[in-house]
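Down below is the structure, laid out as structure tokens.
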Amino acid sequence: MPVLALESSCDETACALVENNLVLSELVRSQADLHRKYGGVVPEIASRAHLEAVDLITGAVLEKAGKTLADVSGIAVTLGPGLLGALLVAVSFAKGLSMATGLPLTGVNHVKAHALAPFLKTPDPDPEARARDSGRGEPKFPLAALVASGGHTSLFLMEDFLTFKTLGRTLDDAAGEAFDKSAKLMGFGYPGGKVVEDLARGGDPNAYKITRPMLREGLDFSFSGLKTRVMTLYREHDMESGPSDSREIRDLAASFQAAAAEVMVTKLLSAAKSTGAKGAVLAGGVAANGELRRMAREALEPQGIPLFVPKPSWCADNAAMIGFLGSLQLEKGQNLLGRDSEPKTRWNAEDLP
Ligand code: KG4
Ligand code: ZN
């Protein structure tokens, strides 16, 4: 029987109905349009928008699958990490559903769930998913996993789908934050990752010299210097006075993207090699970046390390990944939540639920 999953940790309200890793029905309502003019996520606005959406999309997800709560075996909800007021919305809603129905409720770590997204399936996989997955087969553990999103950038060793060891993490900005801040410095709105990728497509990645921060220094990351370098180059070359898609801006976007991607790919490869991992995972919002995916594949697969990457919509925040990890936790009776369970704004992925 399927599990109903809910996610509201940041600026997407999402619900999914999953049977293990099989996604029967899902919806994601993005709030990006509400936050764009503020240049980032405004917590108050996020909570309010989650409140308006959570019951509607839950009803719609069940209806789309032709199911009711009577057909569900359990509920999974993102317990953290994330914004407190945002997390509270889905957690409170899920607790209410659980109390009303008697269904067991498990609390899921959002960052851990991102790393499971490459293994989600739809009942009828599209040709793109078939092509992406062909030849890679089922994952063999342990896996080295990089989760790079707007709020987190961490490298893990996944001993299985439930057991994570942290190998490295960012010491300052998250990778997605570096894309967002660089886009903002170049005059673009939030979120900036996709904008930078689109601009970079027409640019020269070698046009500007950008040092790769901490490239050969262990498995931690530092991304805050990248945006400072972007700001300096933008000002030095007086890009503000030109059009927003000038050759210089395209070159700057491409040079920044190449630097950020090279650091992530080098560290993921080095994590996989140093741990003897049998495969690698690239996940989180930033993993939607086509150039990063291409570079990672090119670096890892010739070395015999299969790379597992979600389809772009499962790189971004979604509830399907919460449902898959939640199903595994429910099977083991892990992290069952009660009336008094509280969201966790900070939560290490390696801490068992
Ligand atoms: O995983 P996610 O949807 O939310 C968090 O958990 O943070 O990640 C959002 C982040 C944003 O910083 C966004 O700019 C970045 O992922 N992102 C990208 C791309 N698409 C989204 N970064 C680089 N290239 C992209 N195509
Ligand atoms: Zn996320």
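The values are calculated or read from the model by the stated rules, or taken from the named source; none is laboratory data. As the structure is a computational prediction, the values presented were derived from the model and not from experiment. Here the Cβ positions follow ideal geometry from the backbone for every residue, glycine too, while neighbour counts run over all protein chains shown. Side chains are part of the model used for accessible areas, which takes the heavy atoms of the whole protein and leaves out ligands, DNA and RNA. Shrake-Rupley method; radii C 1.70, N 1.55, O 1.52, S 1.80 Å.
In the list Lys332, Lys273, which residue meets the criterion of being over 22 Å from Arg130 (Cα atoms), without any contact (Cβ under 8 Å) to a residue 40 or more places away in the chain and among the basic types (Lys, Arg)?
Numbers: Lys332 fails: without any contact (Cβ under 8 Å) to a residue 40 or more places away in the chain.
Result: Lys273 is the single residue among Lys332, Lys273 that is over 22 Å from Arg130 (Cα atoms), without any contact (Cβ under 8 Å) to a residue 40 or more places away in the chain and among the basic types (Lys, Arg).
One residue is enough: does segment 314-325 have a residue meeting the conditions in contact (Cβ under 8 Å) with a residue 24 or more places away in the chain, polar (S, T, N, Q) and in the same structural domain as Thr13 (by TED's automatic domain parsing)? Please lay out each step first, then the result.
Our first condition is that a residue be in contact (Cβ under 8 Å) with a residue 24 or more places away in the chain; within segment 314-325, this holds for 314-325.
From the residues that got through so far, the ones that are polar (S, T, N, Q) too are 318.
So of that shortlist, the ones also in the same structural domain as Thr13 (by TED's automatic domain parsing) come out as 318.
Looking for residues that are in contact (Cβ under 8 Å) with a residue 24 or more places away in the chain, polar (S, T, N, Q) and in the same structural domain as Thr13 (by TED's automatic domain parsing), one finds at least one in segment 314-325, hence yes.
Does segment 235-289 hold any residues that are touching a Pro at 6+ places or on another chain (Cβ under 8 Å), more than 15 Å from ligand 1 (Cβ to nearest atom) and of a type in the set (Ser, Thr, Tyr), and which are they?
Thr275
Could you pull out the residue among Ala178, Ala174, Ala144 that is modelled with pLDDT of 95 or more and more than 11 Å from ligand 1 (Cβ to nearest atom)? Explain how you work it out, then say what you get.
Numbers: Ala178 fails: more than 11 Å from ligand 1 (Cβ to nearest atom); Ala174 fails: more than 11 Å from ligand 1 (Cβ to nearest atom).
Being modelled with pLDDT of 95 or more and more than 11 Å from ligand 1 (Cβ to nearest atom) holds for just one of Ala178, Ala174, Ala144, which is Ala144.
Of Leu6, Leu17, which residue is within 9 Å of Ala319 (Cα to Cα), touching a residue at least 60 places away in the same chain (Cβ under 8 Å), open to solvent by less than 10 Å² (accessible area, probe 1.4 Å) and within 15 Å of ligand 2 (Cβ to nearest atom)?
Criteria check complete, one pass: Leu6.
How many residues, within segment 24-57, are open to solvent by less than 10 Å² (accessible area, probe 1.4 Å), touching a Leu at 6+ places or on another chain (Cβ under 7 Å) and not in a helix (DSSP H, G or I)?
1
Across segment 98-110, which residue is nearest to ligand 1 (Cβ to nearest atom) among those that are open to solvent by 30 Å² or more (accessible area, probe 1.4 Å) and touching a residue at least 12 places away in the same chain (Cβ under 8 Å)? Steps first, please.
The first filter runs over segment 98-110 and keeps only residues open to solvent by 30 Å² or more (accessible area, probe 1.4 Å), leaving 99-102, 104.
Add one more test, that the residue is touching a residue at least 12 places away in the same chain (Cβ under 8 Å), and what stays is 99, 101, 104.
Details: Met99: 28, Thr101: 29, Pro104: 26 Å.
Only one residue tops the list, namely Pro104.
Of everything in segment 313-353, what is under 18 Å from Leu24 (Cα atoms) and surrounded by fewer than 18 Cβ atoms within 10 Å (Cβ to Cβ)? Give them in sequence order.
Ser313, the sole residue that qualifies.
Out of segment 70-97, which residues are part of a helix (DSSP H, G or I), open to solvent by 50 Å² or more (accessible area, probe 1.4 Å) and in contact (Cβ under 8 Å) with a residue 60 or more places away in the chain? Before the answer, list the steps.
In the first step, residues of segment 70-97 are kept if they are part of a helix (DSSP H, G or I); the result is 70-71, 84-97.
Those still in the list that are open to solvent by 50 Å² or more (accessible area, probe 1.4 Å) too: 70-71, 84, 88, 92-93.
Listed by number, the residues that qualify are Asp71, Leu84, Leu88, Phe93.
Among the listed residues Asp220, Asp238, Asp251, Asp204, identify the single one that is crowded, with 19+ Cβ neighbours inside 10 Å and more than 22 Å from Arg36 (Cα to Cα).
Numbers: Asp220 fails: crowded, with 19+ Cβ neighbours inside 10 Å; Asp238 fails: crowded, with 19+ Cβ neighbours inside 10 Å; Asp204 fails: crowded, with 19+ Cβ neighbours inside 10 Å.
Result of the check over Asp220, Asp238, Asp251, Asp204: Asp251.
Taking segment 20-59, which residues are touching a residue at least 24 places away in the same chain (Cβ under 8 Å) and either touching a Pro at 6+ places or on another chain (Cβ under 7 Å) or charged (D, E, K, R) (or both)?
Matches in segment 20-59: Leu22, Leu24, Glu26, Arg29, Ala32, Arg36, Lys37, Glu44, Asp55.
Confirm whether Ala296 is touching an Asp or Glu at 6+ places or on another chain (Cβ under 8 Å), within 16 Å of ligand 1 (Cβ to nearest atom) and either open to solvent by 20 Å² or more (accessible area, probe 1.4 Å) or touching a residue at least 24 places away in the same chain (Cβ under 8 Å) (or both). If you could, list the steps in order and put the result at the bottom.
Details: touching an Asp or Glu at 6+ places or on another chain (Cβ under 8 Å): no; within 16 Å of ligand 1 (Cβ to nearest atom): yes; either open to solvent by 20 Å² or more (accessible area, probe 1.4 Å) or touching a residue at least 24 places away in the same chain (Cβ under 8 Å) (or both): yes.
It is false that Ala296 is touching an Asp or Glu at 6+ places or on another chain (Cβ under 8 Å), within 16 Å of ligand 1 (Cβ to nearest atom) and either open to solvent by 20 Å² or more (accessible area, probe 1.4 Å) or touching a residue at least 24 places away in the same chain (Cβ under 8 Å) (or both).
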